[in-house]
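What follows draws every value from the coordinates through simple rules; no lab data is involved. Keep in mind the model is a prediction, meaning the values are calculated, not measured. Quick reminder, even Gly has a Cβ in these numbers, built from the backbone with ideal geometry, and neighbours come from all protein chains shown.
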Amino acid sequence: MSARRFATIDVGTNTVLLLVAERRGEALVPIAERAEITRLGRGVDAAGRLDAAAIRETVAVLVAYAREARALGVEGIACVATSAARDAANGAEFFAAARDQADLVPEIIPGDEEARLVYVTAHRDFPGTPLAVLDVGGGSSEFIVGEGPAPRARVSLQVGAVRLTERHVRAHPIPPPAVTAMRDDARRTLAALSELRPAPGARLVGVAGTVTTLSAVAQALPRYDGGKVHGSRLALAEIEELIERMARLPVAERAALPGMEPKRADVIVGGAVVVAEAMRAAGFSELTVSDRGVRWGLLYDRFPA
């Protein structure tokens, strides 16, 4: 009897991620993972609508992902959409295209559900200590605290790598006043984190593409290696050094840095600012990096043993 397989897809503001996993005993083992930056949320903060080209590019990726997952024999595909689809007035256009072309019906999940799924993943990967989990996306960021398998408190805030960059960056290299404006904007929004008090001795886990890219760049990895990124640590001081270094570079030079995902180069400074200011607001000087997130939490949640 062949092993059972399942797939999850996370449609974010910046990136679309696929996970195909196979059940082996009690474990779910990844057999395919994909990530494509389509920036579905470009322009949403200003216009309140999804860009037509962004819809086409994102749906094309969904078609490819669905085809690959079905070819691998999955029993089911769970697909969710987060910040950009939540915020856009014309989200129905994206969902209709996904249904018609990929035979998928993405489910819009609210920010608190996104936060819960991320926490579920972090607790499985880093058990044994109280947790604070930071998930910096393109349009929103989630912060979750807990001491066991379920979160105690969580918040979703409208600040992310794409949103912050579109608001304040007009040139690359990024002038110091623009970096300051991003910091001020992020600081105002993230002040709410001080109300979610992690338990004494809590570990901060950072999730999603901004954090994994910062780790890969800090390590100067010639190509992305999840084994070296997942579980690595980043100090606040290191992140500040990366912000200063990357802001001084044109996009092309930033994109060429070892460890950089080229399509993320234009928004990585904004994302790093969110991470740094979130760490300050929550009182952490170091975080542990996770290269897992919503797609893994969705897998555990929708396809339990």
Expected 222 nm ellipticity per residue - DSSP helices of 4 or more, -39500 (n - 2.57), all of the chain, to 500: -13000 deg cm²/dmol
Long-range HN-HN contacts of ARG4 with modeled amide H, under 5 Å: ARG23
Peptides ranked, highest mean first, by Cβ atoms within 10 Å: ranges 263-275, 56-68: 263-275, 56-68
Residues listed by number, region 183-222, amide nitrogen under 15 Å from GLU147 label point at 7 Å toward C-beta: 197-203
Highest-first arrangement of 166-174, 201-209, where packing means the average Cβ count within 10 Å: 201-209, 166-174
Taking only Cα atoms of region 166-260, radius of gyration then Dmax in Å: 15.1, 43
Dipole in debye (nearest 20) - region 43-119, about Cα centre, beta carbon charges: Lys, Arg +1; Asp, Glu -1: 160 debye
Whole-number D in µm²/s for the chain (Stokes-Einstein; Kirkwood sum over Cα pairs; 10 °C, 1.306 mPa s): 82 µm²/s
For region 91-117 versus region 211-266, the gap between their alpha-carbon centres in whole angstrom: 30 Å
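Please give the charge dipole size of the chain, origin at the Cα centre, charges +1 on K and R Cβ atoms and -1 on D and E Cβ atoms. Round to the nearest 20 debye.
180 debye
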Debye intensity ratio I(q)/I(0), log10, region 5-109, q values 0.17, 0.18 Å⁻¹ (C-alpha model): -0.70, -0.78
Inter-label distance, nm, simple model (7 Å from Cα along the C-beta direction), ARG248/GLU195: 4.0 nm
For region 126-294, convex hull of alpha carbons as volume per residue, Å³: 97 Å³
Stokes-Einstein diffusion coefficient of region 31-186, Kirkwood radius over Cα pairs, 20 °C, 1.002 mPa s, in µm²/s: 124 µm²/s
Charge sum, other residues only, whose C-beta stays under 14 Å from ARG203's C-beta, Lys/Arg counted +1 and Asp/Glu -1: -1
The chain - share of DSSP beta bridges that are antiparallel (%, nearest 5): 65 percent
